[in-house]
1. Which net charge results for the neighbourhood of Arg52, defined as the other residues with beta-carbon distances under 12 angstrom from its beta-carbon, given Lys and Arg at +1 and Asp and Glu at -1?
2. Specify which residue in the list Pro50, Val111, Ala60 is farthest towards the positive end of the charge dipole of the stretch 49-120, using unit charges on the beta carbon of Lys, Arg (+1) and Asp, Glu (-1), about the Cα centre.
3. What FRET efficiency would be calculated for the residue pair Arg135, Thr58, taking the C-beta separation as r and a Förster radius of 35 Å, to the nearest 0.05?
4. Would you kindly state how much longer the chain becomes between Ala118 and Ile102 on full extension, computed as 0.36 nm times their sequence separation minus their alpha carbon distance, in nm to one decimal?
Amino acid sequence: MAVPPKAAIIRFAVPDREELWIPLGDEPIGSIVQAILRENPEVAKLVESPHRILAFRTFAYIRCGIVLGQLLFDNDVPAYDGSESWVEALLKDPAHHEALTIEIRDVAREVAADPKYADEEPLGPDDAARERFRRFARERLGQT
C-alpha cells in the first residue's frame, strides 16, 4: 500500500478568500490516507472543497497515526529485516486495514458535517457537469 514519498504542496486561490495551501501526501501516513480514499471514492466525495480537504487531511493524518500507534502497541511485528516497515507489516492484516478505513471514513463524515463548510463548493466539477461535458464532446465530435 505504501508508495514512495513525494513532497509537494498545492496552492489554491479561492475567490473572495485567503490563499489555501494543501500539502500532498508526502509521508507514509499521507500515502495510506490517499490509498484508502482511492479505495473508497464515496469517502473522498465528502471532503471535496478546499477547506474541507485541509481539515480532513489534518485530522485524518493525526488519527491515522494514533490508530497505527495503537495497532503497533497491541500487535507483535517481526523484527526489522530491511524488507518492510512495521506499518507495512501491520497493514498485511485485513482487520488492521479495515480499522484505518473506518477511522478515515469517520474523519471525513465529521468534517463533512461541520456547518462551517456548508456553503463551500467542491474543488472540481460535479458529476452533472462532467456528464454535460461528455454529452457536448460527443455531439461536437460526432460520436454516440
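Read the figures in this text as sums done on the coordinates, not as results from a lab. If you're wondering where the values come from, they're calculated on a predicted model, not measured in any experiment. Heads up, the Cβs are rebuilt from the backbone with ideal geometry, glycines too, and the neighbour counts pull from every protein chain shown.
1. -2
2. Pro50
3. 0.40
4. 3.4 nm
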